[in-house]
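*Asks:* The structure follows.
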Amino acid sequence: MRQADCSRKTKETDISLSLNLDGDGRADIQTGIGFFDHMLTALAVHSGADLTIRAQGDLEVDCHHTVEDLGIVLGKALAEALGDKSGIARYGSALIPMDEALASSVLDVSGRPFLVFSIPLKNERVGMFDTCMTEEFFRALAMNAGITLHLQVPYGANDHHMIEAAFKAFAHSLKAAVSPLAAGQILSSKGIL
């Protein structure tokens with residue numbers, strides 16, 4: 001099974017995470033940030049990956065360290081679960097609507113980390129989640145997972161809808177990218193990713 005357990009402990013955060021890419025979308029998430037728990041649960045459900053997270057952070061400061069560090073840990077877990085990236089489709093894309101918002105996620109599990117992020121968020125917060133941390137989360141995840149990720153919301157009015165659509169689009173594109181190919185095949189003309 002493609003799974004990984006990762007943790008990170010700093011003076012600002014203490015995070016443990018368990019990821020199973022071949023699960024059935026079960027989520028057990030506790031970050032102390034309600035809206036972020038909601039987004040990570042959506043990520044698990046829509047990707048089909050089982051995800052267990054326990055995160056404690058310096059939320060008395062703000063949510064920055066918790067959200068960014070969780071992106072780091074999830075990215076490392078994803079990289080570990082995929083190993084040499086053999087036997088996966090490698091590419092994934094999804095368009096997900098949520099009411100007035102439309103999100104697009106296109107990714108390549110390439111070993112070359114890159115993020116293009118274009119979401120016109122308008123408000124400072126959704127619940128206790130700073131909306132600017134959406135980009136920081138996906139940047140940390142992409143850099144540590146070694147994926148190229150293009151995440152866009154070309155239009156939308158409600159920040160909750162735009163962020164949730166983006167998380168769900170990412171989940172569906174990830175599910176497609178890590179779906180199995182012939183055993184051992186690496187989808188690259190170089191023979192390695």
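Each reported figure results from applying straightforward, stated rules to the coordinates on display, with no laboratory input. It should be emphasised that the depicted structure is a prediction, and the values quoted were computed from it without experimental measurement. Note: ideal-geometry Cβ built from the backbone for every residue, glycine included; neighbour counts use all protein chains shown.
*Asks:* How high is the relative contact order of the chain, in percent, counting Cα pairs under 8 Å that sit 6 or more residues apart? All intermediate terms of the calculation are to be shown ahead of the outcome.
*Replies:* Working: 485 pairs, mean separation 49.7, N = 193.
Value for the chain: 26 percent.
*Asks:* Points 7 angstrom from Cα along the Cβ direction at I186 and D28: gap in nanometres?
*Replies:* 3.6
*Asks:* Hey, what's the per residue convex hull volume over the C-alpha atoms of region 3-177, in cubic angstrom? Show your work: numbers first, answer last.
*Replies:* Values: hull volume 16.1 nm³, N = 175.
It comes to 92 Å³ per residue, whole-number rounded.
*Asks:* Fewest Cβ neighbours within 10 Å first, please rank Y91, Y155 accordingly. Could the numbers behind the result be given before it?
*Replies:* Working: Y91 15, Y155 10.
Neighbour counts put them in this order, fewest first: Y155, Y91.
*Asks:* By how many degrees, between 0 and 90 and to the nearest 10, does the Cα long axis of helix 34-47 differ from the longest principal axis of the chain?
*Replies:* The angle comes out near 20 degrees.
*Asks:* With each pseudo-label sitting 7 Å past Cα toward Cβ, what's the E100-V61 distance in nm, one decimal?
*Replies:* Roughly 3.6 nm, to one decimal.
*Asks:* What is the sum of charges around P120, taking Lys and Arg as +1, Asp and Glu as -1, for the other residues whose C-beta is under 13 Å from the C-beta of P120? Can you show the working numbers first?
*Replies:* On the way: positive: K122; negative: E100, E135, D159.
Surrounding charge for P120 is -2.
*Asks:* Starting with the fewest neighbours, write out C6, C132 ranked by other beta-carbon atoms found within 10 Å of each beta-carbon.
*Replies:* Working: C6 20, C132 13.
Going from sparsest to densest Cβ surroundings: C132, C6.
*Asks:* Now for a separate question. Quick one: D22, D50, D159, fewest Cβ neighbours within 10 Å first, how do they rank? If you can, show how the numbers build up before the last one.
*Replies:* Details: D22 13, D50 19, D159 22.
Placing the least packed residue first, the sequence is D22, D50, D159.
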